[in-house]
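The values are calculated or read from the model by the stated rules, or taken from the named source; none is laboratory data. Values in this document were obtained by computation on a predicted structure and should not be read as measured data. All Cβ positions, glycine included, derive from the backbone under ideal geometry; neighbour counts span all protein chains shown. Remember, those area values only see protein heavy atoms, side chains included, never the ligands or the DNA or RNA. Shrake-Rupley method; radii C 1.70, N 1.55, O 1.52, S 1.80 Å.
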Amino acid sequence: MKKLILMALMAIYSIAGLAQADRQYIRSGNRFYRQQNFVKAEAEYRKALSVNQENPQALYNLGCALLMQKKDSIAVQQFEKAGKIETSPMRKAKIYHNIGFTCQSHKLYAEAIEAYKESLRNNPSDDETRYNLALCKRLNKNNKQNQNQSKNNKNSHKNKDKNKNQNKDKNKDNKNNNDKDKQQQQQQKMSKDNAEQLLNAAMQDEQATQRRIKDAMRNGRSRKLDKNW
């Protein structure tokens, strides 16, 4: 029985020692953070997490240090981890406010809106978060309208190009039809000219034939007279 009690006490002291260690790393990281040495602050917060991965304060502070180094994507990941395990509503509100602010800065308005809503659920009296939420809603609406306008303009240009190509094809067809009509007219004109030429030739032949007949008749009468002589 005494042995079990001793083992339990050793486990308690061990846990207490680990808790003390991660708090020491967090305090050290906070000192570097206030000095704006964010790289060393990050290192200390990571040491704290190596001791206790479920420390929401270490996760949150690490996210802040990463954010100051413009490592926004990784910072949001740390904030999200902290948000899942944090139990204090006020601290939880700060975590989601930071997520919303980071998404807003990258124009991810839909994601920012959800984060700000979660922040306000935990701290409804935060006017700054409420203002940012309203701003993101307006920006998100404008962004959707601009996207729709851009889409409509793109479709309009496509239709214009399509109509333009159709008009080109139509003009081409009209030109081909006009060329065909001209060709047919020329052919008809040529046929008419040929017919007139043939008719003139036939008339000339007829006139020549009539002349030959008359000459033959005159010659025949002459011969007949001559003969009758």
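Here is how the numbers come out for the structure above:
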{"item": "The stretch 123-144 - residue that is within 24 Å of the chain's Cα centre (by Cα) and open to solvent by 80 Å² or more (accessible area, probe 1.4 Å) and, of those, nearest to Ser88 (Cα to Cα)", "result": "Lys137"}
{"item": "Scan of the stretch 63-122 for residues that are of a type in the set (Gly, Ala, Ser) and under 16 Å from Glu42 (Cα atoms), ordered by number", "result": "Gly63, Ala65, Ser73, Ala75, Ala82"}
{"item": "Tabulated pairs, the stretch 31-54, first without any contact (Cβ under 8 Å) to a residue 60 or more places away in the chain, second among the charged types (D, E, K, R), C-beta under 6 angstrom, 6+ apart or interchain", "result": "Phe32/Lys40; Ala48/Asp22; Val51/Asp22; Asn52/Asp22"}
{"item": "Those residues of the stretch 27-69 which are out of contact with any Gly (no Cβ under 7 Å at 6 or more places or on another chain), open to solvent by less than 40 Å² (accessible area, probe 1.4 Å) and charged (D, E, K, R), in sequence order", "result": "Glu42"}
{"item": "Residue match in the stretch 26-44 (condition: at pLDDT 95 or above, touching a Ser or Thr at 6+ places or on another chain (Cβ under 6 Å) and among the β-branched types (Val, Ile, Thr))", "result": "no"}
{"item": "Tabulated pairs, the stretch 115-128, first in contact (Cβ under 8 Å) with a residue 24 or more places away in the chain, second acidic (Asp, Glu) and not in a helix (DSSP H, G or I), C-beta under 8 angstrom, 6+ apart or interchain", "result": "Ser119/Asp126; Leu120/Asp126"}
{"item": "Scan of the stretch 50-67 for residues that are part of a helix (DSSP H, G or I) and over 36 Å from the mean Cα position of the chain (by Cα), ordered by number", "result": "Ser50, Val51, Pro56, Gln57, Ala58, Asn61"}
